[in-house]
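Engineer: Structure below; questions to follow.
The values are calculated or read from the model by the stated rules, or taken from the named source; none is laboratory data. Predicted, not measured: the structure shown is a model, and the values here were computed from it. Here the Cβ is made from the backbone with ideal geometry for all residues, glycine too, and neighbour counts use every protein chain on show. Remember, those area values only see protein heavy atoms, side chains included, never the ligands or the DNA or RNA. Shrake-Rupley method; radii C 1.70, N 1.55, O 1.52, S 1.80 Å.
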Amino acid sequence: MVLQVIYTAATTILPLEYWPYALVAGTLLVVIYAYTQGRPTTRERDLHARVILLTGPFTPLGLVTLTALAKRGAHVIALSPYPLSHPVPSLILQLLRSTTKNENIYAEHCDLNSPTSIRKFCTSFLTGNDTRLDALVFAHEYPSIGRIWFFGGKARRDKEGREEKQREAASLASFLLTTLLLPALLVAPVERDIRIVHVVNPFYAAALPTFPTFLNSTPSTQPAAQPLVIAEGHRALRTVVLTRHLQRILDSLPNCAEDPKAKSKQAEPATPQPSNIISVAACLGISRRDTIAPFLGATERAWSLSYIVLFPLLVLLAKTSQSALQTLLHVLFLPTPLKRAQLKVDAAADEEKKAEAERAAASQEEQEEKPSRPRRTGNVEVLKPGALYRECAVVPIDVPRPPLPAAEEGKKGGEAKKQDGAVALEDDGEYGGEAVGRAVWEWYEARLKAWEAEDAERVKAEEAAAKAQEAEDAEAKQEVPAAGEATTG
């Protein structure tokens, strides 16, 4: 009876002759959804005793990243923009510790919009007892900055100026954290693989045509008005180029201990070796919560009618935060070239020991030798240093070279450093080559100086205001007893 009622209701809503079309449509929707969610990683890794520094831990992507790392036993240091007494870090971390059964999840207050706060955190960390770091994950740069605005005039220009400052601050925070924490990474044992992962938005390709103009800009240059997608693309592309140039610098540094016996001999420059510190960029695709929602004005503190209307379509065409996480996990789980080479050496040593044991057994006992199969160490994907990963694969980008003036300045700077005795960086031609990488690095250095100077003025103004407020409060306290005495008299 129940089945007959269900069948009657189903055929009434959708006649039987339309069922094949509904099946085809449903299958098509499932295929589209599976395609838009992207490729999942096939790698896995035990992260116990690995210390990972994570920025942006309380964004949608940051929360799933924090959970995934905690489930695998990682020791996570989450940089919180909120004070540690705030309900967000205190409640979320306590909940994660209980659900993942991992007590090694900690939060440290660090405002990534303030270089003063960043330097304070880095000083506190580097002067502590344990300065081990196995990975730096800059996830705070992935969420989109800016909202689609259909009105013009001064309000729009002001809004674009504020958003551009936020983009620069996010990029400069990653650069400053990397440079300040780099000494702790360089003194780590050579056999330890360390990863620096920059998570970027998916709009880097939109910035390729206008990227040479960006390279010639100076801190005093007024940024031209650009569409929102291109502005976001500039932020992602300069991070990708910076990541590759950072790897060139790391590979140019000697990472082997000096021989004390060689001190008496003629001093020879150390030969640069591939670094055990791997810098990569990870593009996680278009996420519904981190990419589309900010564009439509849907944030943790506001709602958007357009986001609600488009939500069914976004569920089908945009990634969930869990699907977007796969590429980030892929670059964290892949073996590094150093580990892969060590695996091959260990395999060869094992085969040699096995062959010696078989020869010894054959000489002692007369028996037929059984052919032994060599241990397979064949084609295994390893993490490519300085590369951009998207959908769990390396993405090559043909970044346009800077105009002749910028290229000549970069060349002159490189020649000057060669004359000073510094190791020349290899121009591999990837992501614009050494000239583009040097121009982007100098852009970060110039902007960082201006950013720190501006923040220092802000801190001084806040301190002066606090002192003035304290003086006013002290005067008010003194006036109250005096008024009481006059009334009593």
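Engineer: Could you please give the count of residues in segment 21-41 that are of a type outside the set (Lys, Arg) and in contact (Cβ under 8 Å) with a residue 12 or more places away in the chain? Steps first, answer last, please.
Structural biologist: Here is the first cut: in segment 21-41, the residues of a type outside the set (Lys, Arg) are 21-38, 40-41.
From what is left, the residues that are in contact (Cβ under 8 Å) with a residue 12 or more places away in the chain are 29, 32-33, 36-38, 40-41.
So the answer is 8.
Engineer: State yes or no: is residue 108 surrounded by 14 or more Cβ atoms within 10 Å (Cβ to Cβ), of a type outside the set (Phe, Trp, Tyr) and either free of Cβ contacts under 8 Å to residues at least 12 places away in the same chain or assigned to a helix (DSSP H, G or I) (or both)?
Structural biologist: no
Engineer: So residue 245 ticks every box in (1) at pLDDT below 85; (2) surrounded by 15 or more Cβ atoms within 10 Å (Cβ to Cβ); (3) not polar (S, T, N, Q) but one. Which box is left unticked?
Structural biologist: Checking residue 245 against (1) at pLDDT below 85; (2) surrounded by 15 or more Cβ atoms within 10 Å (Cβ to Cβ); (3) not polar (S, T, N, Q), the one that fails is (1).
Engineer: Of (1) in a loop (DSSP other than H, G, I, E, B); (2) of a type in the set (Gly, Ala, Ser); (3) within 17 Å of the chain's Cα centre (by Cα), residue 78 satisfies all except one. Which?
Structural biologist: (1)
Engineer: Report the residue count in segment 166-222 for those that are in a helix (DSSP H, G or I) and among the hydroxyl-bearing types (Ser, Thr, Tyr). First the steps, then the outcome.
Structural biologist: Of all residues in segment 166-222, those in a helix (DSSP H, G or I) come to 166-186, 204-207, 211-215.
From the residues that got through so far, the ones that are among the hydroxyl-bearing types (Ser, Thr, Tyr) too are 171, 174, 178-179, 204, 213.
Matching residues across segment 166-222 total 6.
Engineer: If I ask for residues that are of a type in the set (D, E, K, R), at pLDDT 50 or above and surrounded by fewer than 20 Cβ atoms within 10 Å (Cβ to Cβ), which ones from segment 262-288 would you list?
Structural biologist: 268
Engineer: Would you confirm whether or not segment 176-188 contains a residue that is touching a residue at least 12 places away in the same chain (Cβ under 8 Å), open to solvent by less than 60 Å² (accessible area, probe 1.4 Å) and of a type outside the set (A, V, I, L, M, F, W, C)?
Structural biologist: Yes, that holds for at least one residue.
Per-residue answers, yes or no, for (1) out of contact with any helix residue (DSSP H, G or I) (no Cβ under 9 Å at 6 or more places or on another chain); (2) exposed (fewer than 12 other Cβ atoms within 10 Å of the Cβ); (3) closer than 27 Å to residue 178 by Cα; (4) of a type in the set (D, E, K, R):
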| position | (1), (2), (3), (4) |
| --- | --- |
| 35 | yes, yes, no, no |
| 38 | no, no, no, no |
| 82 | no, no, yes, no |
| 92 | no, no, yes, no |
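Engineer: So residue 426 clears everything in (1) of a type in the set (D, E, K, R); (2) assigned to a helix (DSSP H, G or I); (3) at pLDDT 65 or above; (4) surrounded by fewer than 13 Cβ atoms within 10 Å (Cβ to Cβ) except one condition, right? Which one?
Structural biologist: Checking residue 426 against (1) of a type in the set (D, E, K, R); (2) assigned to a helix (DSSP H, G or I); (3) at pLDDT 65 or above; (4) surrounded by fewer than 13 Cβ atoms within 10 Å (Cβ to Cβ), the one that fails is (2).
Engineer: Might you let me know whether segment 128-138 holds any residue that is within 27 Å of residue 289 (Cα to Cα) and touching a Cys at 6+ places or on another chain (Cβ under 7 Å)?
Structural biologist: Initially, segment 128-138 is screened for residues within 27 Å of residue 289 (Cα to Cα), giving 135-138.
Now drop any that are not touching a Cys at 6+ places or on another chain (Cβ under 7 Å), which leaves none.
No - not one qualifying residue is present in segment 128-138.
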